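Here, each number is a calculation from the coordinates, and none is a lab measurement. None of these values were measured; they are calculated from a predicted model. Cβ placement follows ideal geometry from the backbone for every residue including glycine, while neighbour counts extend to all protein chains displayed.
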Number of protein chains: 2
Amino acid sequence: MSPREDDITGWLGQQRQLSPAEIPIGIGDDMAQIALAQGSSVLITTDMLLDGAHFDVKTAGLKRVGYKSMAASLSDCAAMATIPLAAVVAVGLPRGFSEGELKELHSGVITAADRYDCPLVGGDITSWKGAGRLAVCVSMLSKPGGKPPVRRNGARVGDVICVTGSLGGSGLRKHLDFEPRVKEALKMVRIADLHAMMDISDGLSTDLNRICTQSGVGAWVEASALPISEDAKGRADPLDAALNEGEDFELLFTLSPDQWGKLRRLWSDPTPITEIGRITEIGHMEIRLPDGTVAPLEPGGYEHLMS
Amino acid sequence: MSPREDDITGWLGQQRQLSPAEIPIGIGDDMAQIALAQGSSVLITTDMLLDGAHFDVKTAGLKRVGYKSMAASLSDCAAMATIPLAAVVAVGLPRGFSEGELKELHSGVITAADRYDCPLVGGDITSWKGAGRLAVCVSMLSKPGGKPPVRRNGARVGDVICVTGSLGGSGLRKHLDFEPRVKEALKMVRIADLHAMMDISDGLSTDLNRICTQSGVGAWVEASALPISEDAKGRADPLDAALNEGEDFELLFTLSPDQWGKLRRLWSDPTPITEIGRITEIGHMEIRLPDGTVAPLEPGGYEHLMS
């Protein structure tokens with residue numbers, strides 16, 4: 001998703017008024033929530049991954065493609081602190097794709113399904129008639145993890161902004177074998193009240209902008225505080241990689257300073273959590289650079305639609 | 001899905017034992033069923049439609065592509081006599097696909113969503129980097145319609161075999177603007193107990209074979225009883241079109257002669273239901289031809305994977 005896609009998503013969300021009683025969370029979050037009988041509910045996400053755009057099947061190998069396809073949806077479950085329930089996988093296969101290749105793709109899907117206790121329960125197998133590259137679409141269900149799903153629109157002025165793990169350089173390898181932060185998200189909401197959360201798929205600058213826009217707030221980020229990954233440090237501009245490269249699949253969230261104090265104190269998980277900035281009442285985002293200057297921070301994330 | 005795809009689906013279904021308490025219906029039916037708290041449950045289906053395979057975007061137009069993509073999944077809800085709840089749509093767009101084109105595609109999705117009371121609640125927009133044609137993947141949730149979902153594996157020896165509507169010739173136009181039999185299916189299960197049901201997407205011969213295989217039974221079909229569509233009558237071989245052309249998106253179901261009598265008596269819907277044969281204990285399918293001969297009926301449906 002890109003800024004231009006955000007406009008389209010906004011437009012799409014305005015086309016029909018969804019009943020909050022039936023659809024408590026609709027278009028614009030990491031997952032939609034559908035209310036069911038007796039107060040229960042289910043959440044759903046869908047992700048389409050394309051050969052040449054989200055993976056290169058020749059260099060990645062089919063097993064890692066299958067894993068990544070599932071992991072991207074699992075990361076959406078994490079982004080709202082929900083518990084994965086089940087997945088369906090639809091594939092559009094290139095001509096001549098063999099049964100052996102399909103089984104290799106499947107083995108990656110199953111690796112993720114087993115690791116995150118999210119069974120594969122169905123799917124659809126189709127093939128391109130002429131030229132056409134591999135398309136994999138995973139749709140996944142989850143359920144609330146004891147607390148209401150954490151949305152993008154709840155950030156409040158004064159909130160601490162945090163991220164899990166490290167940022168940037170994902171294109172080198174992490175984007176194919178990252179660990180969706182499912183258990184980390186569930187642990188966090190057991191310890192503290194989070195105001196807003198999403199996963200970083202299009203880069204910190206773009207995704208933080210989404211939280212700000214949807215919450216009606218601004219933000220500043222401290223450049224020197226960003227947990228820049230080892231792989232990003234090999235990039236020409238490590239800070240740019242951490243802000244804009246995308247596909248980090250880490251969690252970006254905000255919470256009150258109080259709750260952040262509690263979370264930091266009680267957090268014993270090996271996955272680090274880092275404070276990177278604050279939510280403000282100004283109408284835009286800023287970055288505080290190491291030389292002491294403050295610059296506007298623009299959403300510069302990966303642009304799917306324009307490319 | 002083709003016979004070869006059935007083998008793969010069978011293989012896929014055997015890879016992991018799903019817990020019946022958590023996943024009452026897994027791989028191999030029109031939808032999978034996921035159990036939730038307090039006895040409630042939700043069903044899910046996913047369908048990937050590809051330009052050049054399931055539609056030709058140039059001749060069909062984007063609105064009809066959007067409609068068909070939703071309608072195919074709605075037909076899966078009908079196939080199990082369940083009530084559509086919500087849909088998510090993921091698209092893989094060709095380069096240069098405009099916002100206007102996206103809105104046209106969306107208008108078809110929304111037409112179906114409104115008509116069948118199945119709101120669009122989310123999605124994913126991605127684009128091919130190089131050459132690549134339009135891929136649309138709809139995933140849809142439904143809930144049981146008061147009775148348990150009707151599966152493929154419940155056909156019993158002596159059952160009457162029926163279909164809704166008419167068969168064959170769908171490629172001419174019906175495959176783009178068919179009416180998924182959602183309300184018909186729900187009406188039928190309110191009147192009678194159905195033993196097995198599915199929608200005809202790959203042709204009667206292929207899909208009846210699936211019911212027979214999954215139920216461990218055989219069948220005969222009376223050729224002269226088949227409701228051959230007007231469009232099929234224009235085909236070189238209308239019977240072959242009715243048996244094998246596919247994409248009819250009509251319902252194929254079986255029930256006891258008793259229940260069939262009741263259904264026939266009480267059925268007042270404009271959509272016709274026709275008795276076409278019987279479930280037998282022989283291990284294969286037969287067709288009774290107008291000249292009095294009986295021939296083996298082979299699954300000859302549309303072969304996605306081999307083509």
* Asked: Taking square-rooted eigenvalues a ≥ b ≥ c of the alpha carbon gyration tensor, is segment A:141-183 rounded, prolate or oblate, where a/c under 1.5 means rounded and, failing that, a/b exceeding b/c means prolate?
  -> oblate
* Could you pull out the pairs from A:129/B:187; A:143/B:147; A:68/A:233; B:129/B:183; B:103/B:187 whose alpha carbons sit more than 30 Å apart here? => A:129/B:187; B:129/B:183; B:103/B:187
* Roughly what % antiparallel, to the nearest 5, for the DSSP beta bridges in segment A:16-144? -> 75 percent
* Size of the dipole of the protein assembly as shown about the Cα centre, Lys and Arg at +1 and Asp and Glu at -1 on the beta carbon, nothing else charged, in debye to 20? -> 960 debye
* For segment A:12-74, what is the charge dipole size about the Cα centre, in debye to the nearest 20, if Lys and Arg each add +1 at the Cβ and Asp and Glu each add -1 at the Cβ? -> 240 debye
* Where nothing but the Cβ of Lys and Arg (+1) and of Asp and Glu (-1) is charged, how large is the charge dipole of chain A around its Cα centre, in debye to the nearest 20? -> 700 debye
* Structure fact -> The equivalent-ellipsoid semi-axes of the protein assembly as shown, taken as the square roots of five times the Cα gyration tensor eigenvalues and listed largest first in whole Å, are 47, 24, 21
* **Prolate/oblate/rounded label for segment B:160-296 (Cα gyration tensor, a/c 1.5)** => oblate
* Charge dipole of the protein assembly as shown about the Cα centre (unit charges at C-beta), most positive-ward option of B:38, A:252, B:201 -> B:38
* Enumerate cysteines in chain B without a disulfide-compatible partner, where compatibility requires another Cys Cβ under 4.7 angstrom. => B:77, B:118, B:162, B:212
